[in-house]
Each structure stands twice: as C-alpha cells, then as structure tokens.
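Below is one structure, written out as structure tokens; comments come after it.
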Amino acid sequence: HFMNEAQRRVGAVINVVSATVLLFMIIDIMLREAKETSALELDFARAVATGEIQAYLQAQCTADGRIVGAEALMRWRHSKRGYVSPAEFIPMAERSGLIVPAGEQIAAIVCKALHAWEDDPVLSQLTVSVNVSSAQLYSGASTTKLLGTVHEAETPPASLKFELTESMFVEDFEAVRSKMEQIRGQGIRMALDDFGTGFSSLAYLKLLPLDQIKVDQSFVRDLPGDASAAKIAATIVHLGEDLGLEVVAEGVENHAQLQALQAMGCRIFQGFLFSRPVPIEEFEALARSGKPLPAAPRPA
Ligand code: C2E
Ligand code: MG
Ligand code: MG
Ligand code: MG
C-alpha cells in the first residue's frame, strides 16, 4: 500500500514536471514564431513601402491554348530569403492589414499595364483579374482608393476583373454586396474565387453581381479519377452555366484534367499545363507571339 502511494506521488510529480516542460516548449515555440513573424512582417512592410512587391501574370486559356486573359498574383522577393511563398506572406499580410497597401500596389501595376495595352491589337483583347482581400472592401476608404487607382491609370474598366472569395461574405454579406455593385457600376467585372471551398450558400450566388466563378484547384487536382471531385466540379460548371456566368477552372496541370473539365462544359482554364505565373513582360511576349500555349490536346 505504501509503495503504491509513493509510486502514485512520483508519478504525479513526473506528470507535473513533463507538463511543465511541455508548457515551456510551447511557450518557446510561440515566442520564436512570434519573433519570426514580426521580423517577416517588418520586412514585408518595408517591401510594400519601397514598392518591391511584384505582380506576376498567369494566363487563362481556351482548351486549345489561346490566351483570353490572366490572373495577377502577388510576388515578394526578400533580399535575403529570395522569393517568399504567398502561402506564407499573404496570411501574414491579411493579419497585419498590410494586404491593403500591397493589394493596392498590385491593382496599380495591373491598371498601368492595361492602359499601356489599349493600343495593342492582341493585348487590348485580354482581361486581367486582380485578387481583392476582404480588408479592401470592408473599409469604404480602401474601396474608394481602389477605384481611384483604376481611374488615375485610365484603365479600360472592361479589361479589369476583381476576384473575391466566399469567406468574404460571412462577416457582412450586404456590405460586400453593395461594394460589389459600386465596383461593377464602374464597368469592372467580378469573379468568385475558389468556389466551393468556403461558405457555400447557393442562394447568395443569385444575389451577387458576378460575371465569373472559378472552380477551385482542390476539385481539379483529383480529376478525372476521383468520383466526388468530378461530381463537385461538374456541378459548379453547370451551376455557372445556368446562372449565365463564365466558369474558369484553376490548377489545371495535365491533359486528363483538361479533358474531364471540357467534357463537363468548362471553356476557360488556368494552370501549369498552360503556363506558370510569369513577370508581366514575359506574359506580354507570350500573348503577343500569338502561339497557343502548350496544351493542344494530345492526339488520341
Ligand atoms: P488564388 O487566387 O486562388 O490563385 C491561384 C493560385 O494557384 C496561385 O498561387 C497560383 O500560382 C496557383 N496555381 C496556378 N496554377 C496552378 C497549377 O496548375 N497547380 C498548382 N498546384 N497551383 C497552381 P499563389 O500565387 O501562391 O497564390 C496563392 C493565393 O494567395 C491566391 O490564390 C490568392 O488567394 C492569394 N493571393 C495571391 N496574390 C494576391 C493578391 O495580389 N492579393 C490578394 N488579396 N491575395 C493574393
Ligand atoms: Mg485568385
Ligand atoms: Mg483560386
Ligand atoms: Mg486559392
């Protein structure tokens, strides 16, 4: 009995010690992570301030590789670390609010390019999408700033599109919807990004002033083998068709995925199969060459 009691006490002490060690480990990790994050945040803030944020363009194509537009994607090359993945810096930029000035810069770069493209017979036909964060729409001032940027650059509004995600509607549906109306009133088109991954109420799709929905790459990735991914992708394509919306499939990496999406009725594609995101000048050369991107369906 005595031994048992001693063992119980020793056991309890060990538990307390190991819990304490674990706690200290967690605190240490948290502190280190916080430090890392704030150093990165500081560097990002500096990069935004000095205009080091770049916009890459990724082609959007028809199945035969004809370019119809592009999506602008934010790129950041850190002086010491090289290119930082958007998966790392975008969430940090969202948390800190730096996404507003950074997104503003991407919009300004794209608007300037679209203005320069106006007299080009090929480039003037293309539409470029810019990702817009919820922080840019929740504040009236940043929406005004965004539209001001478009005007200042004398951007042909019909060449510009803004991409929003479903998660933006969770907080205040009406606020975002009315901002969308305001933007669309200027002739700028609107796309719903990563469709099907977020708060998917189908009813609100009808209430939003949308021109395009984008099938998320998580559904495209597992085509054609995965039956449920195929069902979801097909449902999104048909839904878009029924609502009179343009449908773009994202993350198309191979011919099998392309063919499956084509069979569903999808007509516009974006993905590594056609092109990776490239610097603007490189995209301009790609589009001007008039050559279809390397995606012509392989002969059967
Ligand atoms: P997104 O808007 O859904 O952009 C598509 C992402 O898929 C891009 O990642 C693109 O590089 C990647 N992608 C394109 N084709 C393929 C493919 O065939 N396979 C695979 N595996 N991936 C492909 P990226 O550039 O890393 O951007 C990630 C996310 O960061 C974007 O997702 C968007 O939500 C956000 N983001 C990027 N630029 C901006 C920006 O300027 N403003 C805001 N607010 N968010 C941005
Ligand atoms: Mg996008
Ligand atoms: Mg997307
Ligand atoms: Mg995405």
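With the cut-off at under 19 Å, measuring from each backbone N in the range 53-78 to a point 7 Å along the Cα-to-Cβ line of Glu88 picks out 53-56, 73-78. Between Ala158 and Ala203, the distance separating the two model label sites (each 7 Å from Cα on the Cα→Cβ line) works out to 3.6 nm. Highest mean packing comes first when the peptides 206-216, 174-184 are listed by Cβ atoms within 10 Å, giving 206-216, 174-184. Can you tell me what share of the DSSP beta bridges in the chain is antiparallel? A percent to the nearest 5 is fine. Percentage antiparallel, nearest 5: 40. For the chain, the alpha carbon positions stretch 91, 49, 40 Å along the principal axes, listed from largest to smallest.
3J(HN,Hα) couplings calculated from phi for the range 111-119 with the Karplus curve 6.51 cos²θ - 1.76 cosθ + 1.60 (θ = phi - 60°) are, in sequence order, 4, 5, 5, 4, 5, 5, 7, 3, 8 Hz; Gly and Pro show x. Protein-only accessible surface at a 1.4 angstrom probe places the residues Glu166, Glu284 in the order Glu284, Glu166, largest first. Between Arg46 and Arg267, the C-beta separation translates, for a Förster distance of 51 Å, into a calculated FRET efficiency of about 0.75.
The mean accessible area for residues of the chain, using a 1.4 Å probe and ignoring ligands and nucleic acids, is 52 Å² per residue. Using the average count of surrounding beta-carbon atoms within 10 Å as a protection proxy, the listed peptides 71-83, 259-271 rank, highest first, as 259-271, 71-83.
Within the range 142-273, all pairs of alpha-carbon atoms sorted by distance into 10 Å bins from zero give the percentages 12, 40, 31, 15, 2. Straightening the chain between Phe173 and Asp120 buys 15.2 nm, computed as 0.36 nm per residue apart minus the Cα-Cα spacing.
On the accessible surface of the range 1-138, probed at 1.4 Å, how many percent belong to carbon and sulfur atoms?
So the carbon and sulfur contribution to the accessible surface is 63 percent.
Our estimate of slack between Glu281 and Asp64, defined as 0.36 nm per intervening residue step minus the Cα-Cα distance, is 75.8 nm. In the range 102-150, the alpha-carbon atoms span a convex hull of 63 Å³ per residue. Pull out the extension gain between Val13 and Ser79, defined as 0.36 nm times the separation in residues minus the alpha carbon to alpha carbon distance; nm, one decimal. Contour length minus Cα-Cα distance gives 18.9 nm. The aspartates and glutamates whose alpha-carbon is closer than 20 Å to the alpha-carbon of Lys112, local same-chain residues fewer than 8 away aside, are Glu52, Glu71, Glu104, Asp120, Glu152, Glu154, Glu163, Glu281, Glu282, Glu284.
The values are calculated or read from the model by the stated rules, or taken from the named source; none is laboratory data. From a predicted model like this one, the values you see are computed outputs, not experimental measurements. So basically every Cβ, Gly included, is an ideal-geometry build from the backbone, and we count neighbours across all protein chains shown. Surface accessibility is based on the protein's heavy atoms, side chains included, excluding ligands, DNA and RNA. Shrake-Rupley method; radii C 1.70, N 1.55, O 1.52, S 1.80 Å.
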